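The values are calculated or read from the model by the stated rules, or taken from the named source; none is laboratory data. Keep in mind the model is a prediction, meaning the values are calculated, not measured. Cβ sites come from the backbone with ideal geometry, for glycine too, and all protein chains shown count toward neighbours.
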Amino acid sequence: MATYLITGGTGLVGEALCELLIRTGQHVIILTRNPDSFSPNTPLLSYRHWDPVKEQIDELAIQQADYIIHLAGANVAEKRWTTQRKKEIVDSRVRSGRFLSNTLARIPNSVQAVIGASAQGWYGPDPSVPNPNPFQETAPAFRDFLGSTCQLWEESLHPIKELGIRLITLRIGIVLSLKAGALAEFRKPLRWGISPVLGNGNQMISWIHIQDLVSLIDWSLKQEKISGVYNAAAPHPVSNRTLMRTLARASRLPFVPIPVPTFFLKLILGEMSIEILKSTTISVEKVQAAGFHFSFPEIEDALRDLLN
(Lines give C-alpha, C1' and ligand atoms only; values in the text may rest on other atoms or scores of the structure.)
Protein backbone atom coordinates (compact mmCIF):
# COMPACT_ATOMS: atom_id res chain seq x y z
CA MET A 1 0.00 0.00 0.00
CA ALA A 2 1.40 3.37 -1.04
CA THR A 3 0.71 6.75 0.55
CA TYR A 4 -0.51 9.57 -1.70
CA LEU A 5 -0.30 13.16 -0.46
CA ILE A 6 -2.71 15.52 -2.23
CA THR A 7 -3.02 19.29 -2.19
CA GLY A 8 -6.36 20.58 -3.44
CA GLY A 9 -7.83 17.22 -2.47
CA THR A 10 -11.27 18.65 -1.69
CA GLY A 11 -11.75 20.06 -5.20
CA LEU A 12 -13.42 18.43 -8.19
CA VAL A 13 -10.38 16.47 -9.40
CA GLY A 14 -9.05 15.84 -5.91
CA GLU A 15 -12.26 14.21 -4.70
CA ALA A 16 -12.47 11.91 -7.73
CA LEU A 17 -8.80 10.98 -7.34
CA CYS A 18 -9.27 10.18 -3.65
CA GLU A 19 -12.19 7.88 -4.50
CA LEU A 20 -10.07 6.00 -7.04
CA LEU A 21 -7.07 5.60 -4.75
CA ILE A 22 -9.08 4.50 -1.73
CA ARG A 23 -11.07 2.06 -3.85
CA THR A 24 -7.77 0.42 -4.85
CA GLY A 25 -6.59 0.21 -1.24
CA GLN A 26 -4.16 3.12 -1.16
CA HIS A 27 -3.62 5.48 1.78
CA VAL A 28 -4.51 9.11 1.04
CA ILE A 29 -3.46 12.20 2.98
CA ILE A 30 -5.12 15.49 2.05
CA LEU A 31 -3.36 18.70 2.96
CA THR A 32 -5.76 21.46 3.99
CA ARG A 33 -5.80 24.62 6.07
CA ASN A 34 -8.61 23.23 8.25
CA PRO A 35 -8.07 19.48 8.81
CA ASP A 36 -10.32 19.41 11.90
CA SER A 37 -13.37 20.33 9.80
CA PHE A 38 -13.29 16.95 8.01
CA SER A 39 -14.37 13.55 9.33
CA PRO A 40 -12.93 10.73 7.18
CA ASN A 41 -15.15 7.66 6.87
CA THR A 42 -12.29 5.25 6.22
CA PRO A 43 -8.92 4.63 7.90
CA LEU A 44 -7.34 4.96 4.45
CA LEU A 45 -8.05 8.70 4.43
CA SER A 46 -6.66 11.41 6.68
CA TYR A 47 -6.41 15.19 6.68
CA ARG A 48 -3.30 17.11 7.71
CA HIS A 49 -2.56 20.79 8.11
CA TRP A 50 -0.75 23.00 5.66
CA ASP A 51 -0.84 26.72 4.95
CA PRO A 52 1.43 27.87 2.10
CA VAL A 53 0.84 31.54 2.92
CA LYS A 54 2.09 31.10 6.48
CA GLU A 55 4.56 28.41 5.31
CA GLN A 56 3.21 25.82 7.73
CA ILE A 57 2.93 22.09 7.08
CA ASP A 58 2.59 18.81 8.95
CA GLU A 59 6.11 17.47 8.46
CA LEU A 60 5.06 13.90 9.24
CA ALA A 61 2.76 13.97 6.19
CA ILE A 62 5.75 14.73 3.96
CA GLN A 63 7.80 11.99 5.58
CA GLN A 64 5.04 9.43 5.05
CA ALA A 65 4.35 10.27 1.39
CA ASP A 66 5.38 8.02 -1.48
CA TYR A 67 3.71 10.23 -4.11
CA ILE A 68 2.51 13.83 -4.16
CA ILE A 69 -0.22 15.26 -6.38
CA HIS A 70 -0.28 19.05 -6.33
CA LEU A 71 -3.71 20.30 -7.44
CA ALA A 72 -4.08 23.40 -5.25
CA GLY A 73 -5.10 26.66 -6.90
CA ALA A 74 -7.93 29.19 -6.91
CA ASN A 75 -10.77 28.44 -9.36
CA VAL A 76 -10.04 30.38 -12.54
CA ALA A 77 -13.68 30.59 -13.64
CA GLU A 78 -15.28 31.29 -10.26
CA LYS A 79 -15.12 35.09 -10.31
CA ARG A 80 -14.60 37.98 -12.71
CA TRP A 81 -10.92 38.67 -13.37
CA THR A 82 -10.31 41.84 -11.42
CA THR A 83 -6.73 42.84 -10.71
CA GLN A 84 -7.08 41.40 -7.21
CA ARG A 85 -8.62 38.16 -8.45
CA LYS A 86 -5.85 37.64 -11.00
CA LYS A 87 -3.30 38.06 -8.23
CA GLU A 88 -5.14 35.44 -6.15
CA ILE A 89 -5.14 33.02 -9.09
CA VAL A 90 -1.39 33.38 -9.61
CA ASP A 91 -0.38 33.46 -5.94
CA SER A 92 -2.46 30.41 -5.00
CA ARG A 93 -0.55 28.36 -7.56
CA VAL A 94 2.94 29.79 -7.48
CA ARG A 95 3.27 30.36 -3.75
CA SER A 96 2.01 26.85 -2.91
CA GLY A 97 4.28 25.30 -5.56
CA ARG A 98 7.35 27.07 -4.27
CA PHE A 99 6.51 26.16 -0.68
CA LEU A 100 6.08 22.51 -1.62
CA SER A 101 9.43 22.52 -3.46
CA ASN A 102 11.19 24.15 -0.50
CA THR A 103 9.53 21.72 1.91
CA LEU A 104 10.77 18.69 -0.01
CA ALA A 105 14.28 20.15 0.00
CA ARG A 106 14.15 20.80 3.73
CA ILE A 107 12.45 17.71 5.16
CA PRO A 108 13.96 14.22 4.69
CA ASN A 109 11.48 12.14 2.69
CA SER A 110 11.07 9.12 0.42
CA VAL A 111 8.86 10.73 -2.21
CA GLN A 112 9.22 8.87 -5.51
CA ALA A 113 7.29 11.19 -7.83
CA VAL A 114 5.34 14.44 -7.88
CA ILE A 115 2.55 15.41 -10.24
CA GLY A 116 1.99 19.11 -10.77
CA ALA A 117 -1.27 20.23 -12.32
CA SER A 118 -1.13 22.81 -15.08
CA ALA A 119 -3.66 23.73 -17.74
CA GLN A 120 -4.26 24.06 -21.46
CA GLY A 121 -4.18 27.80 -20.78
CA TRP A 122 -0.43 27.42 -21.42
CA TYR A 123 -1.26 27.50 -25.12
CA GLY A 124 -2.65 30.34 -27.18
CA PRO A 125 -5.56 30.26 -29.62
CA ASP A 126 -5.51 27.82 -32.51
CA PRO A 127 -3.81 29.40 -35.55
CA SER A 128 -6.70 28.26 -37.72
CA VAL A 129 -10.30 27.19 -37.09
CA PRO A 130 -11.59 24.69 -38.12
CA ASN A 131 -8.98 21.98 -38.76
CA PRO A 132 -6.36 23.39 -36.39
CA ASN A 133 -2.89 21.96 -35.91
CA PRO A 134 -2.92 20.64 -32.31
CA PHE A 135 -0.46 22.13 -29.84
CA GLN A 136 2.39 19.84 -28.79
CA GLU A 137 4.00 19.98 -25.34
CA THR A 138 7.06 21.72 -26.83
CA ALA A 139 5.06 24.85 -27.74
CA PRO A 140 6.08 27.96 -25.78
CA ALA A 141 3.76 29.53 -23.24
CA PHE A 142 1.39 32.05 -24.79
CA ARG A 143 1.92 35.63 -23.68
CA ASP A 144 -1.41 36.34 -22.04
CA PHE A 145 -2.66 36.07 -18.45
CA LEU A 146 -3.29 32.32 -18.38
CA GLY A 147 -0.21 31.50 -20.42
CA SER A 148 2.00 33.46 -18.04
CA THR A 149 0.21 31.99 -15.03
CA CYS A 150 0.77 28.43 -16.25
CA GLN A 151 4.43 29.13 -16.91
CA LEU A 152 4.99 30.47 -13.38
CA TRP A 153 2.89 27.61 -11.98
CA GLU A 154 5.00 24.95 -13.67
CA GLU A 155 8.30 26.68 -12.87
CA SER A 156 7.43 26.77 -9.15
CA LEU A 157 7.89 22.98 -9.04
CA HIS A 158 11.02 22.75 -11.20
CA PRO A 159 13.39 22.67 -8.18
CA ILE A 160 11.90 19.27 -7.31
CA LYS A 161 13.75 17.77 -10.29
CA GLU A 162 17.05 18.89 -8.79
CA LEU A 163 16.25 16.79 -5.70
CA GLY A 164 16.24 13.65 -7.84
CA ILE A 165 12.45 13.28 -7.59
CA ARG A 166 10.53 12.42 -10.74
CA LEU A 167 8.31 15.36 -11.75
CA ILE A 168 5.32 15.03 -14.09
CA THR A 169 3.39 18.06 -15.29
CA LEU A 170 -0.10 17.59 -16.71
CA ARG A 171 -1.58 20.38 -18.84
CA ILE A 172 -5.23 19.61 -18.27
CA GLY A 173 -8.08 20.35 -20.66
CA ILE A 174 -11.69 21.13 -19.74
CA VAL A 175 -12.69 18.51 -17.17
CA LEU A 176 -16.13 16.99 -17.70
CA SER A 177 -18.03 16.05 -14.55
CA LEU A 178 -21.61 16.46 -13.41
CA LYS A 179 -20.54 17.54 -9.93
CA ALA A 180 -19.06 20.88 -10.96
CA GLY A 181 -17.11 22.65 -13.67
CA ALA A 182 -17.98 23.52 -17.27
CA LEU A 183 -20.33 20.61 -17.97
CA ALA A 184 -22.48 21.36 -14.94
CA GLU A 185 -22.85 24.95 -16.19
CA PHE A 186 -23.57 23.86 -19.77
CA ARG A 187 -26.41 21.62 -18.57
CA LYS A 188 -28.33 24.29 -16.67
CA PRO A 189 -29.96 26.02 -19.67
CA LEU A 190 -31.06 22.65 -21.09
CA ARG A 191 -33.69 22.50 -18.37
CA TRP A 192 -35.43 25.42 -20.08
CA GLY A 193 -35.13 23.80 -23.48
CA ILE A 194 -32.29 25.91 -24.87
CA SER A 195 -28.70 25.16 -25.81
CA PRO A 196 -26.49 28.27 -25.60
CA VAL A 197 -23.81 28.44 -28.29
CA LEU A 198 -20.98 30.76 -27.27
CA GLY A 199 -19.87 33.22 -29.95
CA ASN A 200 -19.91 31.51 -33.32
CA GLY A 201 -19.69 28.08 -31.67
CA ASN A 202 -16.73 27.01 -33.82
CA GLN A 203 -14.10 27.27 -31.09
CA MET A 204 -12.55 23.90 -30.31
CA ILE A 205 -12.73 22.52 -26.79
CA SER A 206 -10.06 20.13 -25.57
CA TRP A 207 -11.93 18.14 -22.92
CA ILE A 208 -11.34 15.11 -20.70
CA HIS A 209 -13.69 12.84 -18.74
CA ILE A 210 -13.03 13.13 -15.00
CA GLN A 211 -12.38 9.39 -14.71
CA ASP A 212 -9.83 9.44 -17.52
CA LEU A 213 -8.03 12.31 -15.80
CA VAL A 214 -7.73 10.62 -12.42
CA SER A 215 -6.74 7.37 -14.14
CA LEU A 216 -4.04 9.27 -16.01
CA ILE A 217 -2.74 10.76 -12.76
CA ASP A 218 -2.59 7.34 -11.09
CA TRP A 219 -1.04 5.73 -14.18
CA SER A 220 1.61 8.44 -14.52
CA LEU A 221 2.81 7.95 -10.97
CA LYS A 222 3.14 4.20 -11.43
CA GLN A 223 5.15 4.44 -14.67
CA GLU A 224 8.76 4.97 -13.64
CA LYS A 225 9.75 6.16 -17.12
CA ILE A 226 7.10 8.90 -17.19
CA SER A 227 8.41 12.39 -16.44
CA GLY A 228 8.19 15.87 -17.91
CA VAL A 229 5.19 17.57 -19.49
CA TYR A 230 2.14 15.80 -20.91
CA ASN A 231 -1.11 17.16 -22.28
CA ALA A 232 -4.15 15.72 -20.52
CA ALA A 233 -7.20 15.79 -22.78
CA ALA A 234 -9.25 13.33 -24.80
CA PRO A 235 -7.92 12.42 -28.27
CA HIS A 236 -10.91 13.96 -30.04
CA PRO A 237 -11.68 17.60 -29.17
CA VAL A 238 -14.99 19.07 -30.34
CA SER A 239 -16.40 22.48 -31.13
CA ASN A 240 -18.60 24.32 -28.66
CA ARG A 241 -21.59 23.78 -30.96
CA THR A 242 -20.89 20.05 -31.25
CA LEU A 243 -20.53 19.73 -27.50
CA MET A 244 -23.90 21.38 -26.89
CA ARG A 245 -25.62 19.32 -29.60
CA THR A 246 -24.19 16.09 -28.19
CA LEU A 247 -25.07 17.09 -24.63
CA ALA A 248 -28.68 17.76 -25.62
CA ARG A 249 -28.90 14.42 -27.42
CA ALA A 250 -27.37 12.52 -24.51
CA SER A 251 -29.86 14.25 -22.19
CA ARG A 252 -32.71 13.14 -24.48
CA LEU A 253 -33.61 16.78 -25.09
CA PRO A 254 -34.04 18.73 -28.33
CA PHE A 255 -31.11 20.80 -29.56
CA VAL A 256 -32.37 24.38 -29.73
CA PRO A 257 -29.23 26.51 -30.31
CA ILE A 258 -29.37 30.03 -28.92
CA PRO A 259 -26.32 32.11 -29.96
CA VAL A 260 -24.72 34.11 -27.14
CA PRO A 261 -23.04 37.08 -28.89
CA THR A 262 -19.39 37.79 -28.33
CA PHE A 263 -20.05 41.36 -27.20
CA PHE A 264 -22.47 40.10 -24.52
CA LEU A 265 -19.91 37.64 -23.14
CA LYS A 266 -17.29 40.39 -23.02
CA LEU A 267 -19.73 42.66 -21.20
CA ILE A 268 -20.65 40.04 -18.60
CA LEU A 269 -17.32 38.26 -18.15
CA GLY A 270 -14.76 40.90 -19.03
CA GLU A 271 -11.28 39.54 -19.78
CA MET A 272 -12.37 36.00 -18.89
CA SER A 273 -14.49 35.97 -22.05
CA ILE A 274 -11.28 35.64 -24.07
CA GLU A 275 -10.79 32.15 -22.64
CA ILE A 276 -14.45 31.21 -23.07
CA LEU A 277 -14.28 32.10 -26.76
CA LYS A 278 -10.75 30.86 -27.42
CA SER A 279 -10.27 27.79 -29.58
CA THR A 280 -7.51 25.55 -28.17
CA THR A 281 -6.72 22.13 -29.59
CA ILE A 282 -4.02 20.15 -27.80
CA SER A 283 -2.33 16.95 -28.92
CA VAL A 284 -2.24 13.85 -26.73
CA GLU A 285 0.01 11.83 -29.02
CA LYS A 286 2.80 11.95 -26.44
CA VAL A 287 0.84 10.35 -23.60
CA GLN A 288 -0.75 7.81 -25.94
CA ALA A 289 2.67 6.85 -27.30
CA ALA A 290 3.80 6.33 -23.70
CA GLY A 291 1.07 3.72 -23.31
CA PHE A 292 -1.93 5.41 -21.72
CA HIS A 293 -5.34 4.33 -23.04
CA PHE A 294 -8.39 6.56 -22.71
CA SER A 295 -11.64 4.94 -21.61
CA PHE A 296 -13.61 7.83 -23.09
CA PRO A 297 -11.90 9.12 -26.25
CA GLU A 298 -15.17 10.28 -27.88
CA ILE A 299 -17.50 12.96 -26.55
CA GLU A 300 -20.62 10.84 -27.16
CA ASP A 301 -19.37 8.01 -24.95
CA ALA A 302 -18.13 10.42 -22.27
CA LEU A 303 -21.43 12.28 -21.96
CA ARG A 304 -23.47 9.09 -22.08
CA ASP A 305 -21.42 7.67 -19.22
CA LEU A 306 -21.67 10.84 -17.14
CA LEU A 307 -25.39 11.29 -17.65
CA ASN A 308 -26.29 7.65 -17.07
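Odds and ends about this structure:
- 2 or more residues surrounded by 18 or more Cβ atoms within 10 Å (Cβ to Cβ) and modelled with pLDDT under 95: qualifying strands (runs of 3 or more DSSP E) within segment 60-179: 174-176
- Residues of segment 46-59 that turn out to be closer than 30 Å to Glu224 by Cβ, part of a strand (DSSP E or B) and touching a helix residue (DSSP H, G or I) at 6+ places or on another chain (Cβ under 6 Å), as a count: 3
- Restricting attention to segment 209-230, the residues being free of Cβ contacts under 8 Å to residues at least 60 places away in the same chain and touching a strand residue (DSSP E or B) at 6+ places or on another chain (Cβ under 7 Å) number 0.
- Unmet criterion (only one of (1) β-branched (Val, Ile, Thr); (2) over 19 Å from the mean Cα position of the chain (by Cα); (3) assigned to a helix (DSSP H, G or I)) for Ile29: (3)
- If you go through segment 119-152 and keep only what is among the aromatic types (Phe, Trp, Tyr), in contact (Cβ under 8 Å) with a residue 60 or more places away in the chain and touching a strand residue (DSSP E or B) at 6+ places or on another chain (Cβ under 6 Å), you end up with Tyr123, Phe135.
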